[in-house]
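Working notes for the structure below.
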There are 2 protein chains.
Amino acid sequence: MQEIDLLIHSASQVCVVPGYDGPQRGERLGDLGIVEDGAVAVKEGRIVAVGKSVELRADYEAETMIDANGRTLTPGFVDPHTHLPWYGDRANEFEMRLGGASYMEIMAAGGGIMSTVRSVRQASLDELVADNLPRLARMLRYGTTSAEMKTGYGLEKAAELKQLDAMWQLSQRQPVEMAFTFLPAHAVPAEWHGRTDAYVNYVITELLPAGAEWMQKHGVTLFCDVFCEAGVFDVAQTRRILTRAAALGFRLKVHADEFEGLGGTKLAVELGAVSADHLVKTPDADISALGQGETIAVGLPGTPFGLAEREYTPAKAILAAGGALALASDCNPGTTWNESMQMVIALGCRYMELTQAQALAAATLNAAYAIGCGAEIGSLEPGKQADILILDTADYRQLGYRYGTNLVQTVIKKGQVVVE
Amino acid sequence: MQEIDLLIHSASQVCVVPGYDGPQRGERLGDLGIVEDGAVAVKEGRIVAVGKSVELRADYEAETMIDANGRTLTPGFVDPHTHLPWYGDRANEFEMRLGGASYMEIMAAGGGIMSTVRSVRQASLDELVADNLPRLARMLRYGTTSAEMKTGYGLEKAAELKQLDAMWQLSQRQPVEMAFTFLPAHAVPAEWHGRTDAYVNYVITELLPAGAEWMQKHGVTLFCDVFCEAGVFDVAQTRRILTRAAALGFRLKVHADEFEGLGGTKLAVELGAVSADHLVKTPDADISALGQGETIAVGLPGTPFGLAEREYTPAKAILAAGGALALASDCNPGTTWNESMQMVIALGCRYMELTQAQALAAATLNAAYAIGCGAEIGSLEPGKQADILILDTADYRQLGYRYGTNLVQTVIKKGQVVVE
């Protein structure tokens with residue numbers, strides 16, 4: 001008998017979601033590698049074995065035993081695209097929109113992204129941290145064990161660095177593990193209105209070096225991301241920023257094709273970006289490029305849902321082209337304030353026509369690859385970090401089918417029970 | 001100082017949702033009667049006063065004090081249309097649909113409503129009760145303090161009565177209060193296929209009298225409901241059933257216009273039905289009728305959402321006609337398994353173009369009227385039952401704006417804290 005720390009046994013299904021060799025691409029998406037009547041053995045925060053309950057109970061002597069009692073085990077959800085940390089809310093703007101106000105009327109009333117930028121700039125670091133801790137607690141309770149967070153509500157040096165510092169503190173103060181993204185090119189701030197090229201120069205000469213310095217000081221690799229969209233940053237501006245960022249040691253991401261297909265996805269593939277995100281209006285040529293390259297396509301179905309729009313990421317076309325698709329929440333105060341990846345799965349099933357198995361793999365394994373962590377998290381394979389959910393159901397197919405409530409009963413992060 | 005049982009004070013907003021005189025009709029929908037820095041006084045399970053915290057704290061001596069600490073109070077949600085109690089699930093059918101299977105293929109594989117009918121017929125009364133208790137527990141945790149439940153998965157005498165008995169037991173065993181509906185005309189069961197008129201005769205001569213007997217034995221008034229829809233029961237058949245039901249002492253409801261506008265809504269108004277539910281394809285003449293009559297229009301946005309359909313209840317037209325609109329979940333295992341009225345509000349805001357205030361009033365006061373209980377529940381007015389939610393937010397407008405998680409912190413039913 002081998003001594004281990006934790007054995008979770010008697011699960012109706014262990015959804016392994018195999019993917020040591022890379023994300024699940026194209027038609028392979030949805031391979032869950034289910035072990036029925038299964039168990040997972042954990043030692044020092046890592047998975048050491050997955051197999052039949054009867055076998056693992058014979059092979060391992062565990063300090064802690066958890067009887068899953070016919071429930072389902074899945075990898076912890078990975079949310080590879082959020083806009084935490086932000087400050088305040090925009091419930092009034094949502095109300096105005098429902099009341100029929102136009103985008104311009106909302107802007108005139110002080111709404112839109114600059115409203116959150118003003119709030120974030122004014123908030124102290126402590127306020128920013130305190131405002132986001134409950135959001136992370138909700139994410140965790142609904143099963144998200146790792147998440148990406150980003151800047152982009154500072155849009156000036158001090159406030160962008162304050163957002164980075166807030167992320168850092170948040171990563172130290174609760175269990176959700178984080179990937180950090182630097183997004184000073186999220187919007188052209190009001191004070192640079194009409195001078196986009198000048199703002200791009202400022203990003204390149206002032207903000208990226210400041211981000212690079214922060215990165216070295218903290219010993220983590222940052223992603224650099226750009227909002228490549230009509231009326232924001234065009235493909236040439238996006239290329240300038242990302243090329244400079246890559247030279248400074250950032251890994252790359254792109255916001256592309258949310259409202260118009262400019263070619264941002266193709267650029268992402270060309271530059272070897274880890275992910276291209278949104279992808280609603282993605283042109284056919286860019287979908288083909290996803291099939292050829294390594295860049296993960298991240299669908300954010302909460303965003304069109306949040307805005308009651310009718311068009312979603314063309315998942316079937318991306319998969320038919322051989323692309324690797326992940327899901328994320330895009331959780332943010334303007335378009336979609338939802339912390340639950342279960343809700344994202346429910347939306348992905350209905351509006352991206354994914355099966356529950358495809359959506360689950362996209363929200364775990366492929367989402368882990370979308371933040372460059374596919375070798376560490378996102379599946380229940382030996383050697384990986386023990387980030388495990390116990391769902392209060394005997395069948396993973398209740399994910400997506402049911403919605404609006406929480407199917408997660410227990411959350412295990414690095415082998416420790418953090419929600420029960 | 002008047003002695004009371006409970007004082008909840010220091011709420012940023014008390015959303016009273018006034019409506020002693022009737023539901024909020026037409027343009028009035030969304031009158032929340034907000035008291036800022038408010039308090040609610042409760043004695044013997046009823047609200048005795050609502051007002052400013054400073055005043056109520058001076059006037060009342062409470063055995064229990066709850067400091068809402070800047071949070072928001074609303075009436076408990078009322079869910080006036082669910083399909084509890086059912087047995088089993090149809091996650092496999094959802095998966096088939098996502099995989100592209102047609103309705104006919106799903107039926108051929110044993111899916112569809114008859115799948116649930118078979119499960120309910122086979123389940124024992126105890127199994128039926130046990131399977132539904134967790135659903136009610138989730139409803140309560142997400143803020144539903146009263147709900148309608150119905151038969152309609154029996155479609156034969158013994159099984160319909162078993163569903164009634166299950167409801168009765170469920171109503172005794174947990175805090176959510178229930179309205180009971182008898183729906184033997186939910187579908188034409190397989191064994192009556194092609195003989196709809198004969199099944200209608202069976203409903204009228206056998207099932208309605210059995211329901212009436214149950215009603216007298218238990219001393220409660222049942223609603224009788226019919227699924228008036230193309231290919232199910234036409235308007236003439238619906239009229240026969242409901243007319244007989246009214247004569248037997250049932251109050252009336254109608255499922256109308258989910259897939260085709262047959263005239264079921266107009267019939268509901270003509271017969272004085274308490275509610276007409278679904279109302280997606282409702283003809284203009286029927287919308288006008290809603291404005292003239294007393295029948296509440298119940299929108300079920302979870303149903304088109306659950307099926308990824310694009311058309312929803314035309315709320316604006318119903319309100320423009322002077323109708324009274326309520327919201328409900330339609331929670332059922334086939335089309336929309338969602339227990340949360342918060343999710344229904346989020347859908348109502350996005351797809352029925354309701355403001356958060358309109359959706360909240362539709363999910364509380366008007367929903368109470370849709371089950372004939374508007375004088376007892378649905379608002380925070382003195383004299384009404386003390387069914388109160390404490391939302392973990394300072395602004396009710398976060399309802400609908402945020403979605404996917406649970407904003408309800410504390411649930412109070414008849415003056416007792418039942419979730420905290």
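The values are calculated or read from the model by the stated rules, or taken from the named source; none is laboratory data. All values reported here derive from a predicted model rather than from experimental measurement. Cβ atoms come from the backbone with ideal geometry, glycine included; neighbour counts cover every protein chain shown.
Condition check ((1) within 19 Å of A:THR282 (Cβ to Cβ); (2) under 18 Å from the mean Cα position of the chain (by Cα); (3) surrounded by 22 or more Cβ atoms within 10 Å (Cβ to Cβ)) across all residues:
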| position | (1), (2), (3) |
| --- | --- |
| A:LEU207 | no, no, yes |
| A:GLY211 | no, no, yes |
| A:MET215 | no, no, no |
| A:HIS218 | no, no, no |
| A:LEU222 | no, yes, yes |
| A:ALA230 | yes, no, no |
| A:PHE233 | yes, no, yes |
| A:ILE241 | no, no, yes |
| A:ARG244 | no, no, no |
ask   = Counting only residues that are more than 27 Å from the chain's Cα centre (by Cα) and without any contact (Cβ under 8 Å) to a residue 60 or more places away in the chain, how many does region A:1-36 have?
value = 5
request  = Just one of (1) within 8 Å of another protein chain (Cβ to nearest Cβ); (2) in contact with a Ser or Thr (Cβ under 6 Å, 6 or more places away or on another chain); (3) of a type in the set (Lys, Arg) trips up B:ARG402, so point out which.
outcome  = (2)
task = Looking for whichever is facing another protein chain (nearest Cβ under 9 Å) and of a type in the set (A, V, I, L, M) here; the options are A:LEU380, A:LEU354, A:LEU360. Which one fits?
result = A:LEU354
inquiry  = Suppose we filter region B:331-342 for residues that are in contact with an Asp or Glu (Cβ under 8 Å, 6 or more places away or on another chain) and either facing chain A (nearest Cβ under 10 Å) or surrounded by 24 or more Cβ atoms within 10 Å (Cβ to Cβ) (or both); how many remain?
reply    = 5
inquiry  = Looking at (1) of a type in the set (Gly, Ala, Ser); (2) farther than 24 Å from B:GLU213 by Cβ; (3) in contact with a helix residue (DSSP H, G or I) (Cβ under 7 Å, 6 or more places away or on another chain); (4) part of a helix (DSSP H, G or I), which one does B:ALA159 not meet, given that it meets all the others?
reply    = (2)
query = Which one is nearest to the other protein chains (Cβ to nearest Cβ) among residues in region B:409-420 that are in a strand (DSSP E or B) and more than 18 Å from the chain's Cα centre (by Cα)?
reply = B:GLN409
task = Give the residue that is farthest from the chain's Cα centre (by Cα), with candidates limited to residues of region B:255-304 that are among the acidic types (Asp, Glu) and crowded, with 20+ Cβ neighbours inside 10 Å.
result = B:ASP286
inquiry  = With the condition being in contact with a His (Cβ under 8 Å, 6 or more places away or on another chain) and either of a type in the set (S, T, N, Q) or within 30 Å of B:THR144 (Cα to Cα) (or both), I'd like the strands (runs of 3 or more DSSP E) fully within region B:166-256 carrying at least 2 qualifying residues.
reply    = B:223-228, B:251-256
task = Run A:LEU140 past the list (1) more than 17 Å from the chain's Cα centre (by Cα); (2) under 25 Å from A:THR364 (Cα atoms) and report the number of the one that doesn't hold.
result = (1)
ask   = Of all residues in region B:55-87 being acidic (Asp, Glu) and in contact with a Ser or Thr (Cβ under 6 Å, 6 or more places away or on another chain), which is nearest to the other protein chains (Cβ to nearest Cβ)?
value = B:ASP79
message = Quick check on B:ALA130: is it assigned to a helix (DSSP H, G or I) and without any contact (Cβ under 8 Å) to a residue 24 or more places away in the chain?
response = yes
ask   = Restricting attention to region A:88-113, and to residues there that are within 14 Å of chain B (Cβ to nearest Cβ) and over 22 Å from A:ASN338 (Cα atoms), which single residue is surrounded by the most Cβ atoms within 10 Å (Cβ to Cβ)?
value = A:ALA101
message = Any residue at all in region B:286-303 that's within 14 Å of chain A (Cβ to nearest Cβ) and either touching a Pro at 6+ places or on another chain (Cβ under 8 Å) or over 25 Å from B:VAL16 (Cα atoms) (or both)?
response = yes
Condition check for B:THR393: within 14 Å of another protein chain (Cβ to nearest Cβ), without any contact (Cβ under 8 Å) to a residue 40 or more places away in the chain and not aliphatic (A, V, I, L, M) = no
request  = Give me a count of the residues in region A:90-122 that are in contact with a Pro (Cβ under 9 Å, 6 or more places away or on another chain) and in a loop (DSSP other than H, G, I, E, B).
outcome  = 1
ask   = Of these, B:ILE318, B:ILE345, which one is touching a residue at least 40 places away in the same chain (Cβ under 8 Å), within 26 Å of B:VAL16 (Cα to Cα) and either surrounded by fewer than 24 Cβ atoms within 10 Å (Cβ to Cβ) or not assigned by TED's automatic domain parsing to the domain that holds B:ARG402 (or both)?
value = B:ILE345
ask   = Based on what the data block shows, is A:LEU136 part of a helix (DSSP H, G or I), within 14 Å of chain B (Cβ to nearest Cβ) and over 22 Å from A:GLN358 (Cα atoms)?
value = yes
Among residues of region A:257-277, those that are without any contact (Cβ under 8 Å) to a residue 40 or more places away in the chain and not in a loop (DSSP other than H, G, I, E, B), counted = 8
ask   = Quick one: is A:GLN163 touching a residue at least 40 places away in the same chain (Cβ under 8 Å), within 26 Å of A:LYS414 (Cβ to Cβ) and surrounded by fewer than 24 Cβ atoms within 10 Å (Cβ to Cβ)?
value = no
task = Run B:VAL42 past the list (1) of a type in the set (A, V, I, L, M, F, W, C); (2) farther than 28 Å from B:LEU6 by Cα; (3) touching a residue at least 24 places away in the same chain (Cβ under 8 Å) and report the number of the one that doesn't hold.
result = (2)
message = Here is a list: A:ALA375, A:ALA363, A:ALA359. Which entry is surrounded by 24 or more Cβ atoms within 10 Å (Cβ to Cβ), among the hydrophobic types (A, V, I, L, M, F, W, C) and touching a Phe, Trp or Tyr at 6+ places or on another chain (Cβ under 8 Å)?
response = A:ALA363
query = Filtering region B:51-80 down to residues that are hydrophobic (A, V, I, L, M, F, W, C) and outside any helix (DSSP H, G or I), which residue is farthest from B:LEU7 (Cα to Cα)?
reply = B:VAL78
